[in-house]
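Read through the structure below, which is laid out as structure tokens, and then see the notes.
The values are calculated or read from the model by the stated rules, or taken from the named source; none is laboratory data. Keep in mind that this is a model prediction, so the values were computed, not measured. Positions of Cβ are generated from backbone atoms using ideal geometry, with glycine treated the same way; all protein chains shown enter the neighbour counts. With ligands, DNA and RNA removed, areas are computed over all heavy atoms of the protein, side chains included. Shrake-Rupley method; radii C 1.70, N 1.55, O 1.52, S 1.80 Å.
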Amino acid sequence: MASSAKRRAIGSGENPENSDVSSDEGVEDSGEESDNSEEEINEEVVVDFEAHTISDTDFNGIKKLLQQLFLKAHVNISELTDVIIQQNHIGSVIRQAEVPDDSDNEDPDEVFGFISIINLTDRKGMECVEQIKELVLGQCEKVCSAAVQEQFQQVMEDVSQSVGLLLSERFINVPPQIALPLYTQLLEEISEAQRTNKPSGKCQYCLMISKTCQEAEKSIPARGPATKMPIFVNAEEEFFYEQAVVKFHYSVQEEADSCHSGRWSFDDVPMKPFRTVCLIPMERMPAIMGKLKDFLTI
């Protein structure tokens with residue numbers, strides 16, 4: 001499984017949606033090096049990515065990406081990372097296919113992204129699971145109507161119908177095309193888990209927490225129901241949003257200094273960071289995959 005991306009592509013003009021760089025890139029040079037900075041930043045570097053089985057060595061990389069999602073939320077990220085690694089029969093990590101000898105990447109096994117699903121119902125009682133449930137139920141209570149709160153809580157607390165936490169995180173400059181083979185592989189692994197009676201194959205619902213943004217100059221409440229389409233950092237998650245039976249967003253403005261939307265098609269419009277929560281019946285996955293194929297096939 002491979003896809004190509006620009007690791008340094010500011011202003012390349014090929015794809016404005018992927019022109020952002022991750023937080024550890026794009027640092028301006030000083031002194032004499034500054035004269036060449038524009039040339040270096042505009043350099044297009046093509047990188048091939050591959051999906052690999054999750055292993056113990058991926059702990060730090062996965063944890064870093066989870067911190068990017070949960071920010072300062074009270075969630076035991078280390079425990080959650082351990083769970084993802086322990087159930088390595090399902091999910092994948094994205095690594096660079098080949099690291100050239102002259103590459104500035106000091107870690108050839110660096111994790112550029114990962115995908116997995118965790119059965120929250122089966123792991124009821126674990127600290128990180130209860131914290132995630134408390135987080136989303138608490139935010140739902142703040143922003144949603146009583147009817148939506150009741151619907152969401154009923155599903156989240158009903159032990160007869162399992163809810164899987166779908167996690168798909170990657171660096172901002174890894175293109176969305178990588179998502180299609182990752183989701184295809186994940187669904188095949190879920191089917192195999194269902195056949196072998198593993199918990200990850202028993203989920204009736206999928207819970208997704210997405211990184212989203214809204215334009216800062218627009219009059220948007222700090223917290224409120226998701227009445228309009230937000231801007232998704234991972235563009236493909238828009239199709240999950242469309243199929244959700246419960247969806248709402250909440251601001252993380254106080255937890256993050258900035259928001260990388262991955263959709264900068266205009267000049268530096270200020271954005272406010274949000275998290276959008278979606279609850280999707282697993283039976284709607286075929287419809288979502290159909291949209292993903294249309295959107296991401298190149």
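In units of the rule-of-thumb radius 2.2 N^0.38 Å, region 90-189 shows an alpha carbon radius of gyration of 1.42.
Ignoring ligands, DNA and RNA, how do GLU157, GLU283 rank by accessible area with a 1.4 Å probe, largest first?
Numbers: GLU157 80, GLU283 155 Å².
Sorted descending by solvent-accessible area, the residues read GLU283, GLU157.
Between ALA147 and GLU134, the simple spin-label model (points 7 angstrom out along Cα→Cβ) gives 3.1 nm. Under 20 Å from a label point set 7 Å out along the Cα-to-Cβ vector of LYS293, the amide N atoms of region 192-212 belong to 192. Say the cut-off is 20 Å between C-alpha atoms; which of LYS124/LYS198; LYS63/LYS202; LYS133/LYS211 go over it? As for pairs spanning more than 20 Å Cα to Cα, those are LYS63/LYS202. If r is the Cβ-Cβ distance from GLU157 to GLU127 and R0 is 25 Å, what FRET efficiency results, to the nearest 0.05? Rounded to the nearest 0.05, the efficiency is 0.90.
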